[in-house]
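Notes for the one structure printed next.
The values are calculated or read from the model by the stated rules, or taken from the named source; none is laboratory data. In this text, all values refer to a predicted model and were calculated from it rather than measured experimentally. For neighbour counting, all protein chains shown are included, and Cβ atoms are generated from backbone atoms with ideal geometry for every residue, glycine included. For the accessible areas, the whole protein counts, side chains as well, though only heavy atoms, and no ligand, DNA or RNA atoms are used. Shrake-Rupley method; radii C 1.70, N 1.55, O 1.52, S 1.80 Å.
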Amino acid sequence: MAMQDQEDKKYMQRALELAQQAWGQTSPNPTVGAVAVKRGSIVGEGYHEKAGKPHAEIVALEHAKSSAAEATLYVTLEPCCRFGRTPPCTDAIIRAGVARVVIAMRDPNPLVAGKGINKLRRAGVKVSCGILRREAMRLNEAYVHFHRTGLPFVIVKWAMTLDGRTSTDRGESRWISNERSRRYVHYLRSGVDAILVGAGTVLRDNPRLSVRLKKRSRPQPLRVILDDTLRIPLTARCLNTRQGARSVIFTTLRASKRKIRALEKRGHRLFIMKAPRGRFSIHPVLKTLAQLGIQSLLVEGGREVCGTFFRGRAVQKVVVFITPKILGGRTTTSPITKWAIPQLRNVLQLRGIEIKTFQQDVCVEGYV
């Protein structure tokens, strides 16, 4: 039995490696890899490249051809059992004569959620579930969170100096981190459905909020702006509509109706929200984004926006770049404002920490 477990882990690890090749490119579908094994040899393998393309199981079975009969199929996620853009994978597995299916994790999508496993078992296919489950869940953390909670998976990102400054006293913040760190930010952007900032960041930095990587197959992330009075100019780079790009803007009744009409005329989508004292309640914003199909959200806003998400207990992951520079200054500014934990014993401790280095910059990633 121990030997079988080792074999299962080895081939599931290969399936996870295959799936990783399409990380961030398959939304709204999950990232999935599959490996077909017969008599101790891999006879077929594949991964799901993007939504609308064949699922990983189908690619692996087509690669295996007749060798799929009596083989074991390793899949990082429960095979689907319903018609979507493509036919059910369970039907193809049964037709191919696969003897055993090893699954890393059940699909959290209520439309599947155990139904694929049950269908395979009813057809006489042996099914094992749970091999490298934690790794598979991390690979699809946004997909899992979205289907469990109905809300986007939120990543908050900032860059700061060694003395905790995100800008100078004059508000200058470009660039605190180095070029390699910024390239990694584009990699992070490439894997999310939307990027969110506040009006202050737009006015100060005039960001494009786009992915500038050569190799990518999915559309640009949705640009989301929180602006209670519509202070951002119509000429802001994040409002550029070239190549059909549009933005979603959350504002309030304090905004100019003329400017609302001007933005809508350009194709941007505006939502009027309640924001007492200019503070947005973040959960209505997240619910609206979920209704738009946003499963993952990268928050690149300033101190107040970060504070809004922490205050609303809406953060799942934090990515912080720390650069070995010292700014000092007249004021001490935390990267998060208008939210604070008064006692050290109640400090928010991150888990699942991963540390990367980009030349001299240190990047700390962790889960809330």
(Q) Relative contact order of the chain, please, whole-number percent, based on alpha carbon pairs below 8 angstrom and at least 6 residues apart. (A) 15
Q | Shape call, the range 160-247: gyration tensor on alpha carbons, a/c limit 1.5 | A | oblate
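Report the chymotrypsin sites (Phe, Trp or Tyr not before Pro) located in the range 1-69 that are in a DSSP loop and have at most 16 other Cβ atoms inside 10 Å of their Cβ, or state none. Kindly include the intermediate steps, with their values, before the conclusion.
Values: sites: Tyr11, Trp23, Tyr47; in loops: Trp23.
Taking the range 1-69 and a limit of 16 other Cβ atoms within 10 Å, the loop chymotrypsin sites (Phe, Trp or Tyr not before Pro) found are Trp23.
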Q | Förster radius 45 Å - calculated FRET efficiency between Arg133 and Thr235, Cβ distance, rounded to 0.05 | A | 0.35
Q: Kindly identify the range 76-123 as rounded, prolate or oblate by the Cα gyration tensor criterion: order the square roots of the eigenvalues as a ≥ b ≥ c, call it rounded if a/c is under 1.5, otherwise compare a/b with b/c, prolate if a/b is larger, else oblate.
A: oblate
Q: Quick one: go through the range 136-161 and flag any residue whose amide nitrogen is under 18 Å from the point 7 Å out along the Cα-to-Cβ line of Arg82.
A: 143-151
**Q.** In sequence order, calculated HN-Hα J values of the range 218-233 (Karplus, 6.51, -1.76, 1.60; Hz; x Gly/Pro)
**A.** 9, x, 4, x, 5, 8, 10, 10, 9, 8, 5, 10, 6, 6, 5, x
Q) Ordered by residue, what ³J(HN,Hα) values in Hz, to whole numbers, does the range 336-345 give under the Karplus form 6.51 cos²θ - 1.76 cosθ + 1.60, where θ = phi - 60° and Gly and Pro are x? A) 10, 10, 6, 7, 7, 9, x, 10, 4, 5
Q: Of the DSSP beta bridges with both residues in the chain, give the percent that are antiparallel, rounding to the nearest 5.
A: 40
Q. Is the shape of the range 1-43 rounded, prolate or oblate, going by the alpha carbon gyration tensor and its root eigenvalues a ≥ b ≥ c, with a/c under 1.5 for rounded and a/b larger than b/c for prolate?
A. prolate
(Q) For the pair Ala69/Arg330, report the inter-label distance in nm, with labels modelled 7 Å from Cα in the Cβ direction. (A) 8.2
Q) Along the range 35-44, what does the Karplus equation 6.51 cos²θ - 1.76 cosθ + 1.60 (θ = phi - 60°) give for ³J(HN,Hα), rounded to whole Hz, x for Gly and Pro? A) 9, 9, 10, 9, 6, x, 10, 6, 10, x
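Please report the relative contact order for the range 282-368, taking Cα pairs under 8 Å with a sequence separation of at least 6, and give it as a percent rounded to a whole number. Please report the intermediate quantities before stating the final value.
On the way: 90 pairs, mean separation 29.2, N = 87.
RCO, the range 282-368: 34 percent.
If I stretch the segment between Arg277 and Leu111 completely, what's the gain in nm (0.36 nm per residue apart, minus their alpha carbon distance), one decimal? Provide the component values of the computation, followed by the final result.
Working: separation 166, 0.36 × 166 = 59.76 nm, distance 4.11 nm.
Net length gain for the segment: 55.6 nm.
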Q. Counting only heavy atoms of protein chains, what accessible area per residue, in Å², does the range 127-221 have with a probe of 1.4 Å?
A. 49
Q) Ala159's amide H: which non-local residues (gap 5+, or another chain) put their own amide H closer than 5 Å, with H modeled 1.01 Å from N in plane and none for Pro or chain starts? A) Phe321
**Q.** Across Lys157/Lys356; Lys259/Lys287; Lys317/Lys356; Lys157/Lys287; Lys9/Lys38; Lys53/Lys126, pairs whose alpha-carbon gap is larger than 18 Å
**A.** Lys259/Lys287; Lys157/Lys287; Lys53/Lys126
Q: Run down the aspartates and glutamates and flag those whose C-alpha is under 20 Å from the C-alpha of Lys274, throwing out any fewer than 8 positions away in its chain.
A: Asp227, Asp228, Glu264, Glu304
